[in-house]
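Report on one structure; see the data block that follows.
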2 protein chains.
Amino acid sequence: MNSARRQATRQRLFQAAVTLIAEQGFSATTVDEIAERAGVAKGTVYYNFASKNELFEELLRHGVGLLTASLREAGADVTARGGSHVDAIDAMVRAGLAFIAEYPSFTQLYVAELWRTNRAWQDTLMVLRKEAVAVVEQTLRDAVAAGELSEEIDVPLTAAALFGMVLVAALDWLSFQPERSIDDVHAALSRLLQGRVAGHARA
Amino acid sequence: MNSARRQATRQRLFQAAVTLIAEQGFSATTVDEIAERAGVAKGTVYYNFASKNELFEELLRHGVGLLTASLREAGADVTARGGSHVDAIDAMVRAGLAFIAEYPSFTQLYVAELWRTNRAWQDTLMVLRKEAVAVVEQTLRDAVAAGELSEEIDVPLTAAALFGMVLVAALDWLSFQPERSIDDVHAALSRLLQGRVAGHARA
DNA sequence: TCTTTTGAACTGACTGGTCAGTGCAAAAAC
DNA sequence: GTTTTTGCACTGACCAGTCAGTTCAAAAGA
């Protein structure tokens, strides 16, 4: 069991499911479609996953796992080279952009499900969200502790806002200005974060 | 036709549909459920709307219309009182938060659908999105023209990033820290935009 | 080396249930 | 008397999940 062949099949099913569900949503995507796109019989889906729900949950776990790892690594890299915690946050913004550029379908699907309630995979999703957000929040807290950021900032809310900024900017970028480079987009976001859009004075 | 009574029925159907679809998604929500929640017979749904799809499209038009009007008004208010264009943007951030706090279900549903492709209402959604984003973009352009903002900023991307920041921060606020006031949340976002999180120096 | 057996992996027709949408006569509201 | 709503039976398409049967590579046996 769990042969290389089986792993390959599961991978193909993930790939097929992620694009179809991103395009149409979970309920509107049929198991037959997923099987067909993966080039596999319907029975194979059920040989590899207990249900359509479980296929989707495993897909979520897999994808968010990649994102979390990517953020953590980006932050660790910077601090290992002696960068500040604020630099680490900047690196995470970039890592977020890179992740979304690499897995746009997964991102779409994740966003579409994240704030839903009453769905079978809600609990799973909450746990995963917490893991990913924790990486950013910890870095913000480190930055506050190191005196790089004011103690008045609200860590959870700021982390959410950063996440949303990167998310929507990236999806917009890929949808409407796909010719632009990641450097370009990253620079635009850094500019926004440096207060060159909102101005500095004010109560 | 279009009597006050009928309008009231349509409103009840919108209300029922928006919460159910936000919770479960469009495909997973049945017409029977919508009718039941609205306290109306199934036949009434089809007397008032041509199809489930059309009910949803009209719901989208209605909701995004409210958002666009709210943003436009917030901006106009500020400039009418002699505020700067940057102040107008700040007011729009607040208006966005207020809208999401008032219509959280609609917001969820909108986010879930916004980046989907291959759905029947995709075209409608693009048009609506453009109308809403245009309000923010125009204000950014005005600010640049007035010399309040650097010409190097990327207007569409910045507008998208602002939108994402408000969106995700607001949903996070309502989901996980609902006891906080809108002033509080608004202040946190302003702080982020004023560069007190990212720092100011850098190439 | 050649043959047989084994079992994991896969297949696809089939089933039971669900749901969008219809039709319509009668009642209620205006 | 016109518009709107009700109640409810009905249809046809669609779809998640099942299961008896097939494939085939590799291990066991000769």
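Assorted remarks:
- Residue in the range A:115-127 that is open to solvent by less than 30 Å² (accessible area, probe 1.4 Å), under 16 Å from A:Gly63 (Cβ atoms) and modelled with pLDDT of 95 or more present: no
- Residue within the range B:159-180 that is within 17 Å of A:Ala169 (Cα to Cα) and not in a helix (DSSP H, G or I) present: no
- Residues of the range B:32-53 that are within 13 Å of DNA strand D (Cβ to nearest atom) and within 14 Å of chain A (Cβ to nearest Cβ): B:Arg37, B:Lys52.
- Among residues of the range A:43-57 that are farther than 16 Å from A:Gln15 by Cα, none has a Cβ under 6 angstrom from a residue that is of a type in the set (A, V, I, L, M) and assigned to a helix (DSSP H, G or I) at a sequence gap of 6+ or on a separate chain.
- Taking residues in the range B:166-191 that are in contact (Cβ under 8 Å) with a residue 12 or more places away in the chain and under 16 Å from B:Gly96 (Cβ atoms), and partners anywhere that are open to solvent by 20 Å² or more (accessible area, probe 1.4 Å) and in a helix (DSSP H, G or I), the pairs with Cβ atoms closer than 6 Å and at least 6 places apart or on different chains are B:Leu174/B:Pro104; B:His186/B:Arg94.
- The single residue among A:Ala98, A:Ala76, A:Ala88 that is in a helix (DSSP H, G or I) and in contact with a helix residue (DSSP H, G or I) (Cβ under 6 Å, 6 or more places away or on another chain) turns out to be A:Ala88.
- Residues within the range B:136-158 that are open to solvent by 10 Å² or more (accessible area, probe 1.4 Å) and either of a type in the set (D, E, K, R) or in a helix (DSSP H, G or I) (or both), tallied: 14
- Test: residue in the range A:82-97 that is surrounded by 15 or more Cβ atoms within 10 Å (Cβ to Cβ), within 24 Å of B:Thr117 (Cβ to Cβ) and in the same structural domain as A:Arg180 (by TED's automatic domain parsing): yes
- Selected residue (only one of A:Thr29, A:Thr68 is assigned by TED's automatic domain parsing to the domain that holds A:Arg10, surrounded by 15 or more Cβ atoms within 10 Å (Cβ to Cβ) and farther than 11 Å from A:Leu13 by Cβ): A:Thr29
The values are calculated or read from the model by the stated rules, or taken from the named source; none is laboratory data. Here the structure is a predicted model, which is why all the values come from computation and not from measurement. Using ideal geometry, Cβ is built from the backbone for each residue, glycine included, and neighbour counts are taken over all protein chains shown. For the accessible areas, the whole protein counts, side chains as well, though only heavy atoms, and no ligand, DNA or RNA atoms are used. Shrake-Rupley method; radii C 1.70, N 1.55, O 1.52, S 1.80 Å.
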